[in-house]
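Each reported figure results from applying straightforward, stated rules to the coordinates on display, with no laboratory input. Keep in mind the model is a prediction, meaning the values are calculated, not measured. Here the Cβ positions follow ideal geometry from the backbone for every residue, glycine too, while neighbour counts run over all protein chains shown.
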Amino acid sequence: MGTLCFMEGGQYDPAGQAFYRLRRLASYGLYRRKNFSDVLQVAMFIFEQLKSSSCLHGYRWMHSRCLQNGFIVQKEMVRILLGILDPSGVAARVKRKLKRRHYRSKGPNYIWHLDSYDKLKPYGICVNGCIDGFSRFIIWLRVGRSNNNPRIVAGFYVEALTYLERVPHSIRSDMGTENSYIAEMQSFLRRNGPGSRTAFLYGTSQHNQRIESWWGILRKECVQFWMEFFEQMKQDGYFTGDFIDKSRMIQYFFMDIIRIR
């Protein structure tokens, strides 16, 4: 147990306690670290780290990186240097805000985002949509009995081209088989144009952010109501989820209503 230092009157003396600890360390031949790395070199190392994904991390992680690379530096010094070199990053971490990327498109009809929406699929209602990446104009938003049939989805594409009388520069979608016919037609129509290799782009949902963002709006403004409505029907015993319920009851009575909404 260590010895506590008290001032006159019985009050605890932190300065005296610190002096006692230093004297105790000296008696063992131990001293506080004095051979710290040059601050400028540490700052240059942190500056280079900020050019990579390390810019997303805080001073504790950066301090560990400094130690791993042979620098002898205090954690407080790393915190101060980060505040100087990356003030915006520090402010964002304090607010716990993500640094979002900015979506860019060269113009109308440059890229269309295509996707299917399956939140109502357990109840027999299938949604497929396409949106222009630049203007967020909804190219089509269709409700039907299936959004997995490539012939049906390709029909939406042909109707859109006929109505708009133009072909987009590119289309982006996920790897779903329902998009296979559209991929072939789009690649054929753009085969002689500039950027023919990127006429149809496959990717994950994270890269299809325009239509994914629209699905969030659709659920908030419309779909959530129907999800709760159908779930309540299920709890009340009016819907069991079998083929007859989906194809006869839900689709027959509610599909046209959802289309209007």
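Structural remarks
- The conditions of being free of Cβ contacts under 8 Å to residues at least 12 places away in the same chain and closer than 20 Å to residue 201 by Cα are not met by residue 129.
- Residue in the range 194-235 that is farthest from residue 169 (Cα to Cα), counting only those that are of a type in the set (Asp, Glu) and without any contact (Cβ under 8 Å) to a residue 24 or more places away in the chain: 231
Residue-wise test of (1) assigned to a strand (DSSP E or B); (2) within 23 Å of residue 195 (Cβ to Cβ); (3) more than 21 Å from the chain's Cα centre (by Cα).
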site	(1), (2), (3)
113	yes, yes, no
142	yes, no, yes
148	no, no, yes
166	no, yes, yes
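- Among residues of the range 169-198, those that are over 19 Å from residue 131 (Cα atoms) and within 24 Å of the chain's Cα centre (by Cα), counted: 0
- Output for the range 197-224, where each listed residue is crowded, with 18+ Cβ neighbours inside 10 Å, β-branched (Val, Ile, Thr) and touching a Ser or Thr at 6+ places or on another chain (Cβ under 6 Å): none
- So residue 191, is it among the basic types (Lys, Arg) and under 24 Å from residue 102 (Cα atoms): no
- Output for the range 136-173, where each listed residue is surrounded by fewer than 16 Cβ atoms within 10 Å (Cβ to Cβ), among the β-branched types (Val, Ile, Thr) and more than 13 Å from residue 117 (Cβ to Cβ): 158, 162
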